[in-house]
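Heads up, the thing below is written out as structure tokens.
The values are calculated or read from the model by the stated rules, or taken from the named source; none is laboratory data. Everything numeric in this text was worked out from a predicted model, so none of it was measured. Neighbour counts run over all protein chains shown; Cβ positions are idealised from the backbone, glycine included. All accessible areas refer to the heavy atoms of the entire protein, side chains included, with ligands and DNA or RNA removed. Shrake-Rupley method; radii C 1.70, N 1.55, O 1.52, S 1.80 Å.
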Amino acid sequence: MDKIQSLTGMMDLIDYKSDDHDISSKIFETEKKLIKIFTNYSLNEIRTPALENEQLFNRSVGGTSDIVNKELYTFLDKNDKSISLRPEGTAGVARSIIEKKLDSDSHRLWYMGPMWRYERPQKGRYRQFYQAGIELLGFSEGASEFEMISMIISINSELKINNAIIKINHLGNRDSKQEFCNALRDFLEPFKAKLDEIDLERLKKNPLRILDSKNSGTKKILEKAPQIKDFIPQDSIDLLENIKGAFPNNNIEIDYSMVRGLDYYSGFIFEAISDSLGAQNSYLGGGRYDQLFADLGGKTMPAIGMAIGIERIAEISGITKTRKNLVSFIILSNQIREKAYKIAHDLRAFNRDLTLEVQLSEGSLKSQLRRANKNNAKYVIIVGEDEIESNSVILKFLHDEDLDQKKLSIEEIGKFLSLI
Ligand code: HAM
């Protein structure tokens, strides 16, 4: 019979190798570190469903984005309702806050989970990938822009990411955005015959997206195109300069040609990139989206957020696997299993940060010690008939040959475990 395989672009993550560079373990470790940083920044968790009405993404991420146009996983459910797997988290968060009538309050939120985009898989680009997202809701432009960049810098430092560049830009306000789009349209009008179908569509629906064109001909034409910098208000330029000034020595670059691939952005936008990633070099991105809540039928709610690509950030992170404080527990004979298990159960309660691994397969003491060594245990606790008789255990130090093994009472071993 044919073997069933995973779907293209969808990875299994299994933490089983002791190797520091194993991507699965790095991903799990990265997630733990990110959650710590989120708490450090006073964010609260939100979880929304992976499935939403398809309409949600049309009305938020937008009809001109590749994400909605080409990459959405959409199907009809048993009730003929058009359902999509979420390609990102912001739309679901906004939907949830509006639905729960929480849109008059401010919120600082984080989430983490799988997202789906039907993209052409390549290094760093998957069809199921994980994002950690942050949304600061109810805060107008100002301090929250600084908070976002501060968080990126903390993430870079905690995850030991070197040589990253943080690119920032500003899309101005509604009027200036409109003026810039008109100017872009006017400029491109004589070149229409040279644009490909995708760029023509962008020009019609959202000319800003043309700045993201991958077509080398379009790129060449755009070299002489109007610049957003000449249209956005001075306040926006000042904000960019102030943010750059507030965090010197952190590779913050103002890039007036940067645009984002989602339609809901309205003001300050940013991305962090690293050359070590290859073609898919952006490991996080975000920006302000002050119109989204109103567009989705909620109250007007200023908002800013970002999402981190977990696979990509783990790839460039210099963190290593934290070694478990591992104690291996060996039961010498089946006859005493019941009583020995009770001891193992009670010992675990002495220190919940400890990993106490009861050896589950039978074998000689020699083979069980070999297994403990292989699993990198620092200590071994051995329980045989004598120990059960005297309500004690044997403690052996695997990594310290100078220390003899000792017989300890349950109380003594409990105390020892609570201190390591
Ligand atoms: P995004 O730029 O579409 O923004 O995605 C954020 C990050 O997710 C990217 O920088 C990248 O690291 C990662 N990513 C995207 N697609 C893939 C893929 N196919 N495979 C692997 N990683 C990928 C958003 O999703 C917005 N929701 C961010 C945001 C939150 N804006 C405001 N709030």
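List of remarks:
- Hull volume per residue, based on the alpha-carbon atoms of the stretch 81-127 and their convex hull, is 94 Å³.
- Largest to smallest principal axis extent of the C-alpha atoms in the stretch 15-89, angstrom: 46, 32, 27
- Candidate residues Arg117, Arg47, Arg108, Arg288: accessible-area rank, largest first, probe 1.4 Å: Arg47, Arg108, Arg117, Arg288
- Debye log10 I(q)/I(0) at q = 0.09, 0.11, 0.19 Å⁻¹ for the stretch 1-147, Cα point scatterers: -0.36, -0.54, -1.30
- Solvent-accessible heavy-atom area per residue, rounded to whole Å², over the stretch 153-245 at 1.4 Å: 56
- FRET efficiency for Asp175 and Lys81, using Cβ-Cβ distance with R0 set to 56 Å, rounded to 0.05: 0.90
- Three-way shape call for the stretch 73-217 based on the alpha-carbon gyration tensor, with the a/c threshold at 1.5: rounded
- Scattering curve values for the stretch 119-175, log₁₀ I(q)/I(0), Debye with Cα scatterers, q = 0.15, 0.20 Å⁻¹: -0.72, -1.04
- When nucleic acids and ligands are ignored and a 1.4 Å probe is applied, His107 ends up with an accessible area of around 30 Å².
- Per residue, in Å², the accessible surface of the stretch 1-92 once ligands and nucleic acids are set aside, probe 1.4 Å: 62
- Rounded to the nearest 5, the antiparallel percentage of DSSP beta bridges internal to the stretch 284-381 is 40%.
- Between helix 143-158 and the chain: long-axis angle, C-alpha atoms, 0 to 90°, nearest 10: 40
- Space enclosed by the convex hull of the alpha-carbon atoms of the stretch 171-267, per residue, Å³: 108
- Tyr73-Glu338 FRET efficiency (beta carbon distance; Förster radius 51 Å; 0.05 resolution): 0.50
- Cα-based equivalent ellipsoid, the stretch 220-289: semi-axes from gyration tensor eigenvalues, Å: 20, 18, 14
- Taking the protein heavy atoms of the chain in the context of the full set of protein chains, the accessible area attributed to carbon and sulfur is 47 percent at 1.4 Å.
- Taking chymotrypsin sites (Phe, Trp or Tyr not before Pro) across the stretch 1-87, the ones in a DSSP loop with at most 11 further Cβ atoms lying within 10 angstrom of their Cβ are Tyr16.
- Rg ratio for the stretch 238-359: its Cα radius of gyration over 2.2 N^0.38 Å, N being its residue count, equals 1.87.
- For the chain, the longest principal axis of the alpha carbon atoms and the long axis of helix 365-374 meet at an angle near 20°.
- Ranked from largest, the principal axis spans of the Cα set of the stretch 273-317 equal 41, 15, 13 Å.
- Taken over the chain, the alpha-carbon convex hull comes to 215 cubic angstrom per residue.
- Karplus 3J(HN,Hα) series, Hz, for the stretch 188-201 with 6.51 cos²θ - 1.76 cosθ + 1.60 (x for Gly, Pro): 7, 3, x, 9, 3, 5, 8, 8, 7, 4, 4, 5, 5, 5
- Linear extension gain, Tyr41 paired with Ser104, 0.36 nm per residue minus alpha-carbon span: 20.5 nm
- Net lengthening on full extension, Lys204/Asp238 (0.36 nm per residue, minus Cα-Cα): 9.1 nm
- Residues in the stretch 372-420 average 62 Å² of solvent-accessible surface per residue, probe 1.4 Å, ligands and nucleic acids excluded.
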